[in-house]
Amino acid sequence: MLLLDFLAIFPEFFLVFSISFLIIFNVIIWPLAITPNSLVGSFFEKICVKRHNYRMLGDGESAKFLYSGLEAKKDFLNLHFVDRLSEQKFSLQNVQNIFVRTVWLAILILFITLCLCLNFDSFFYNNFFYLDNYILDVKILVLILSIFFMFILSNSSSGPFLFESIVLILICLLGLFCLISSYDLLFFYLSLELQSFCLYLLACLKRNSEYSVEAGLKYFVLGAFASGLILFGCSFIYGFSGTTNFGSLQIFFSNLFLDSFSFFDLAGFYLGFLFVFVGLFFKLSAFPFHMWVPDVYEGSPLYITCFFSVIPKFVLFSFFLKFFFIICFGFGCELEMASFFFFGQPLLLFCSLGSMIIGTVGGLFQRKIKRLFAYSAISHIGYLLLGCAAGTLEGFQAVFIYLFFYAAVVLGVFTILLSLKLFKFSKLSGGLLAVKKNSIKNPVYFSDLFYVFRSNRLLGLIFVIFIFSMAGIPPLGGFYGKFYVFLVSFNSQLYFLTFVAVFTSVVGCFYYLRIIKLIFFTTGPAYRLQQNHFLAPISFVSSVLILTILIILISFVFYPGPVLYFTYSLVLELVC
Amino acid sequence: MVMYLNSFLLGVLVTPIIGIVLLLFVPTERTNMIKLLGLCISLLTFIFSLFLWIFFDNSLCKFQYVMSFDWNIFSNIIPVFGIDGISIFFILLTTLLIPLCLLSSWSVIKVYVKEFFIAFLFLEFSLCIVFSILDLLIFYVFFEAVLIPMFLVIGIWGSRTRKMKAAYQFFLYTLLGSLFMLLGILFVLFETGTTDLQLLFLMSESYNLWSEERELLLWLAFFSSFAVKVPMVPFHIWLPEAHVEAPTAGSVLLAGVLLKLGTYGFIRILLPLFPKACLYFSPLVFSLSIVAIIYTSLTALRQIDLKKIIAYSSVAHMGFVTLGLFTFNIQGVEGAMLIMISHGFVSSALFLCVGVLYDRYHTRLIKYYGGLADFMPVFTVIFVFFILANLGFPGTSSFVGEFLTLLGICQVSFITAFLASWGMVLGAAYSLWLCNRVLFGSASFFKVKTILTQTDINRREFVVFFPLIFLTLWMGLFPNIFLDVMHVSIVNLLFTLN
């Protein structure tokens, strides 16, 4: 019982234990897993054949094209098809088996952690560790998001299928957990470093790709610099106040402005917080510190990009809100007296303005999917910071609504991207077609998305709905995030910023529409050239995940209560 | 009885959604079943909306069939649905045109049939909500939601490669315009604490809600969005492009209903909420409308594309509508309403006529046509009828509307009326010349070759045209049945204005 209570307060300990278990388990079973499990393998192969049978000859024009040539010798083709498929797969099969097994174990671990978190309902703090309802809710949300992410991974079609990546992701989650419940500048710094190191490693996981190594190196060098700045800022704050504890700092600030201090007395604080903010903005990929984002997004493996763009960002932003709240509106502090807010607000406004503009302008001429999403992430951060800069409780609520839909839609888009697999066919003698060797690939360029609607219309339609939601077109969820942000920024008299936000969201539509154009409208030579491509069917789990996201995005129009209530209670918990 | 009546409006709103869900479960290959199901659903919606008309109480100036839902209590946004004498005709127009659109594209749409029908049912759903909602924010949401299906309709089923440019222009113009409206709505929400139109009407009747400058700014914010949709002249560039590149059904819906979104916004939101700003800006609107009427009529004269001529004539007619709305007298506003409805019939029918020609000859350029009267007599009769209706021939619906509008304008400013009536002359010029070039004269070699294979309109196409002919004549000969319904609401609107 005691152990359970203890674990409920510190699910981090459970995570540490289970991660070490995972590592040991994988190291032990590594040699055992090399011998393939023939029974299970053949069973899956049979299912595979059946599904391909249906889907290949189902709808879509390329499938029709295929069908016309092949009806007579269908059986033979299928055999051939599977043969080629398995030929490509078998070399990787065992490694992938281990990977999938580790993913399922990770899901189990995360699920137990979730149960532990749900079990806990009081609050706890000591000098460096803090746990209240806000933090608990953020943890629960992060766990749900990561379980979702793990389910995507279990059906991912793109590698590298290394079990180490799962372990690293779990360690990163551990770091994020510590980060969100940190109550001390030093502990905050240490946990930030823990998660950053995992992210550096994850970015260069694809060792034989130049892009990936470049991404990892770039991220590491710049990230280390940003961490150094944070530490520098922390030392400034410590030097001027003599404490690193958030609670003490809060009390310190709330009393500080009662007396009249000159600007120079407080310059050290301003400088210290400026540095901490800079480091956080770097990690959040906000405007002046956004240079690493497109390269890192592009270079890292696809599922790592998905992880990057959702989970650390969510936690960091929740932490940022808490930190911002503590230093700007300490207890007992009236808004007029919170002069740190008037120091912080222009900073946020500047970053949000820049992020919105850079994010939209930079995305206009991209040709690669991941780079585009990197730029769209930058612009989304701009909107989030705008909501934060409004400095009201409604502003925080708007930020949470925006974050919720942002996380949902990004997960949805990446679920689709991760479950897509392109095949290229070559003609054999006698009108037969077969999968070309080494032609299975993931979508990289926009033009690869062109097959989505041709091969699987419903999937294409859903993808387009996701994109429209990202662009913030009304009846979908993404619009409400933007709407609430505009609402609060307008309410705080940030008219110019709101105007810019409106304008950038129109310009941003331009590049989202380009994706839609490529999926739906393309005809002509490009179409004819690439008719021998088609998409492999997506797995059952992926389709369930996609449907979940779709329902979340659409149902808000009809029933917005739960999301609004939840975000509102989050804000109240943050404040109280 | 009240509950029973409300269920008709609910039926109109919900039936298309049910249809979409049902369509999703029909296999893609069974195109006939998809078409039949889509048509039945749209007809069912039309029947529901007819019941709305039948049970409508002409003597009430309040909103009828009112129903509300608890939607977003946090932000004090509670959607209320209701219909008055103004909005009922837009709902009827929408539900009438959707089945006609689906019928007209019965054999034309060959790829992605299911998606086409889903897109149209979704359009119907959003349009019905826009015309029946009494809440600013939800109005905005569905006003914008129309963009998604229309963008896809133009982009996927449009005819040429230029369609992408058209789809982009349509989307971005409208989006940019309406985001200003969003800012305006946010402002209204902060100033008054509500977006409920009924409450806002009440408040603006009793005292000044906004200071003068704010009212002018708000007016401009809303106006920019509606003016793009109407379209008024400086914002009309998207319209000819979108009309020309869209498939026939798309153009019909664009001209028939989507353009009315803007004027509906004028009459529903701008006039009652910002009466002073409306008075202040009415010279601006007058001059824009006059420019629209004369300039686009002259432009239509020198077009060589059938659809473009009709598109530009639409802009001219919408200029008449905006003129009528900003006269603030009963003849002007009622005339504008009648022009809107009649334009919904006439220009839709003209686009359908062009669609009939395009299906047979696969070109829209006038120079390839000529002498159609010789071998398409029934079509010729219909085409001439609608051309006459387009130029405002007495006995057709446009005449009543334009006459009333001019009457209204005369009371405000004679010179405006003088200039506006030039639009009718120019309209007659391009319409008759178009008629002359397409229907009469001698058939060239190109045409002679196709005579053997092409025939007059078939039964399905006649079924599409018949209701429109009937309604145009009915409204032209006996407009009271429409005027009676809208009269009380419009008098009420003008009463609050003065």
Using just the alpha carbons, could you tell me how many Å³ per residue the convex hull of segment B:1-135 encloses?
113
Calculate the mean, over all residues of peptide A:494-500, of how many other protein chain Cβ atoms lie within 10 angstrom of the residue's Cβ.
1
Options B:Leu123, B:Leu10, B:Phe495, ranked by Cα towards positive dipole end of chain B, top entry (Cβ charges)
B:Leu123
Using a Förster radius of 60 Å, what is the FRET efficiency between A:Leu190 and B:Phe190 based on their Cβ-Cβ separation? Nearest 0.05, please.
0.85
Please report, in debye to the nearest 20, how large the charge dipole of segment B:342-498 is about its Cα centre when each Lys and Arg carries +1 at its beta carbon and each Asp and Glu carries -1 there.
560
Unsatisfied cross-links (Cα-Cα over 31 Å) in the set A:Lys206/B:Lys114; B:Lys110/B:Lys307; A:Lys218/A:Lys322:
A:Lys206/B:Lys114
With +1 on each Lys and Arg Cβ and -1 on each Asp and Glu Cβ, and nothing else charged, work out how big the dipole of segment A:92-238 is about its Cα centre, in Debye to the nearest 20.
380
Given a Förster distance of 60 Å, report the FRET efficiency between B:Trp422 and A:Leu547 from their Cβ-Cβ distance, rounded to the nearest 0.05.
0.55
Could you work out the Kirkwood radius for segment A:162-316, taking every pair of different alpha carbons, averaging 1/r and inverting it, reported in Å?
16.6
Across the residues of B:175-186, average count of Cβ atoms on other protein chains within 10 Å?
5
Give me the distance in nm between label points sitting 7 Å out from Cα along the Cα-to-Cβ direction at B:Ser287 and B:Ile237, one decimal.
2.1
Checked segment B:352-417 against the a/c 1.5 cut and the a/b vs b/c comparison, axes a ≥ b ≥ c from its Cα gyration tensor; verdict prolate
Förster radius 30 Å - calculated FRET efficiency between B:Tyr368 and B:Trp474 (Cβ-Cβ, nearest 0.05)
0.30
In terms of the alpha carbon gyration tensor, root eigenvalues a ≥ b ≥ c, rounded if a/c is under 1.5 and otherwise prolate when a/b exceeds b/c or oblate, segment A:344-405 is oblate
Using all Cα-Cα distances in chain B, what percent lands in each 20 angstrom bin from 0 up to the longest?
24, 59, 16, 1
Stick to the Cα atoms of segment B:266-357, pair each with every other, and give me the Kirkwood hydrodynamic radius in Å at one decimal.
14.1
Nearest 10 degrees, 0 to 90: helix B:87-104 Cα axis against chain B principal axis
20
Is the C-alpha gyration tensor of segment B:128-189 telling us rounded, prolate or oblate? Criteria: a/c under 1.5 is rounded; beyond that, a/b larger than b/c is prolate, otherwise oblate.
oblate
Have a look at A:Asn245, B:Phe139, A:Phe510 and report the one farthest towards the positive end of the charge dipole of the protein assembly as shown, computed about the Cα centre with Cβ charges (Lys/Arg +1, Asp/Glu -1).
A:Phe510
For segment B:338-458, what is the convex hull volume of its Cα atoms per residue in Å³?
100
Kindly rank A:479-490, B:429-440 from highest to lowest mean number of other beta carbons found within 10 Å of each residue.
A:479-490, B:429-440
Dipole of segment A:106-229, positive direction: furthest Cα of A:Ser146, A:Cys204, A:Asn119, with charges on the beta-carbon
A:Cys204
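So, with +1 on the Cβ of K and R and -1 on the Cβ of D and E, and no other charges, what is the size of the charge dipole of segment B:188-336 about its Cα centre, to the nearest 20 debye? Numbers along the way, then the final one.
Values: 8 positive and 10 negative charges, 89 e Å.
For this selection, approximately 420 debye.
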Computed over the Cα atoms of the protein assembly as shown, the Rg and Dmax in Å are 31.8, 99
Ranked highest first by average number of other Cβ atoms within 10 Å, how do B:151-160, B:5-14 line up?
B:151-160, B:5-14
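Coordinate-derived values only; no laboratory data. The shown structure was predicted, so the numbers you read here are calculated from the model rather than taken from an experiment. Because the Cβ atoms are built from the backbone with ideal geometry, glycine has one as well, and the counts that use them run over all protein chains shown.
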